[in-house]
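Reviewing the structure listed below.
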Amino acid sequence: MEYRTNQCASLTSKANRYSSEQRASGQRGHRGGYRNQGGLSNQNAQYWKPKSPKDCETPLSYGDTTSIGSVRPHSAVSLPGHVQYALGKDISCFDICRVEKKGPVKLNSSLFRKNRERRNELAKSCPQIKELRPGMILLKSFISEANQVEIVKRCRTLGVGVGGFYQPGYSDGRKLRLQMMCLGKNWEPQTRLYTDIRSIDGAKPPSIPNMFRTLVEEAIQASHVYYEAKHPKIHSVEEILPRMSPDLCIVNFYTDSGKLGLHQDRDESPESIEKALPIVSFSIGDSADFEYSENRDVDSAASIVLESGDVIIFGGKSRLIFHGVPKIHSGTAPEQLLEETNLRPGRLNLTFRQY
Ligand SMILES: O=C(O)CCC(=O)C(=O)O
Ligand SMILES: [Fe+2]
């Protein structure tokens, strides 16, 4: 897979060079270290087929230019959920929301849920920021409920359109235990390269909505304020956590059985890795165990629970931290979010990066 534009020609050679260096050193890159693979999995995927054009309409209200079909590859005709591309491949996109009127949502005990939502409310009035290790910072309940709703709606709209959610796989046939969509640039699991067009169907990834970029900026800003207070004598907090401007985002949706093995995010450009530009990760929906470790050893990994609205950032000295998602806690998503979005049981994760 190559970049198709002149502008990206230099990136192509860098990306290829970087990838062959990785291969030469025998290191596995981004999401390379899966465990518990257990063969193929379709996560009981549900694919949305529009019944009428009205089904395709989800209003966008933040003044972005992104919309269904705005980035059609070649001269293809597309319909959300069932897109036919010039490459001749027919892809059904996974719909992260239920189309039908809300059915019975299986909830944990209501007391447990109420307590957790009360905790979240308290946290919002007094946001908790915690450094997990140098350059790795957790912002609890950073994304407001209204913004969580908006993010789900936008991911849903983009996810059933051109370049939307699909279950990626490796060249040996193994499938990742999640649904994925890329924004800005496409990440190819088979080659571990970033490309402008995805090989599975020739689709061009939708662009990153401005609203998402603003939230990323705010999360980095809040981290800097935290570090300034913690290290008043430091010359610049960017020594601990560099600023970054995302040009790509990988959006994952995990159903109850979804998971992601310990891996490093290292398929971004050598410059990005060298400058240790952070990864900014949003969690929405069901909670998940998130483990991280300096090495590939799962047994020595630390573990935290990421809840809906949490943001985790890892850059600087933690840029190449191994991390993974071994478990999704079903039935833990905020009730209000489910009511307003019809989000399926599961967890939505967005990781923003600068190539
Ligand atoms: O889902 C998560 O929290 C992590 C996702 C991740 O590590 C990735 O997409 O590279
Ligand atoms: Fe990752």
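The values are calculated or read from the model by the stated rules, or taken from the named source; none is laboratory data. As the structure is a computational prediction, the values presented were derived from the model and not from experiment. Cβ: placed from backbone, ideal geometry, glycine included. Neighbour counts: every protein chain shown. Note: areas computed on protein heavy atoms with side chains; ligands, DNA, RNA excluded. Shrake-Rupley method; radii C 1.70, N 1.55, O 1.52, S 1.80 Å.
If I go through segment 272-302 residue by residue, how many of them are farther than 23 Å from residue 222 by Cα, out of contact with any His (no Cβ under 8 Å at 6 or more places or on another chain) and without any contact (Cβ under 8 Å) to a residue 40 or more places away in the chain?
Of the residues in that region, 7 qualify.
Name the single residue, out of those in segment 234-254 being among the polar types (S, T, N, Q) and more than 13 Å from ligand 1 (Cβ to nearest atom), that is farthest from residue 165 (Cα to Cα).
That would be 236.
Just the residues that are of a type outside the set (Lys, Arg) and within 13 Å of ligand 1 (Cβ to nearest atom), please, taken from segment 256-277.
Matches in segment 256-277: 258, 260, 261, 262, 263, 264, 265, 267, 268.
If we keep just the residues of segment 149-158 that are away from ligand 1 (no atom under 15 Å from the Cβ) and not β-branched (Val, Ile, Thr), which is most open to solvent (accessible area, probe 1.4 Å)?
Within segment 149-158, the match that is most open to solvent (accessible area, probe 1.4 Å) is 153.
Identify the single condition in (1) within 14 Å of ligand 2 (Cβ to nearest atom); (2) out of contact with any helix residue (DSSP H, G or I) (no Cβ under 9 Å at 6 or more places or on another chain); (3) farther than 21 Å from residue 294 by Cα that residue 259 does not satisfy, given that it satisfies every other one.
(3)
Could you check, for segment 255-262, whether at least one of its residues is among the polar types (S, T, N, Q), over 22 Å from residue 139 (Cβ atoms) and either in contact (Cβ under 8 Å) with a residue 60 or more places away in the chain or open to solvent by 30 Å² or more (accessible area, probe 1.4 Å) (or both)?
Yes; the residues of segment 255-262 include at least one that is among the polar types (S, T, N, Q), over 22 Å from residue 139 (Cβ atoms) and either in contact (Cβ under 8 Å) with a residue 60 or more places away in the chain or open to solvent by 30 Å² or more (accessible area, probe 1.4 Å) (or both).
Out of curiosity, is residue 275 among the basic types (Lys, Arg), away from ligand 2 (no atom under 16 Å from the Cβ) and open to solvent by 20 Å² or more (accessible area, probe 1.4 Å)?
yes
If we only count strands (runs of 3 or more DSSP E) wholly inside segment 153-253, which ones have 2 or more residues that are over 21 Å from residue 325 (Cβ atoms) and more than 16 Å from the chain's Cα centre (by Cα)?
Filter on segment 153-253 gives 193-195.
For segment 199-226, name all the residues that are without any contact (Cβ under 8 Å) to a residue 60 or more places away in the chain and open to solvent by less than 10 Å² (accessible area, probe 1.4 Å).
224, the sole residue that qualifies.
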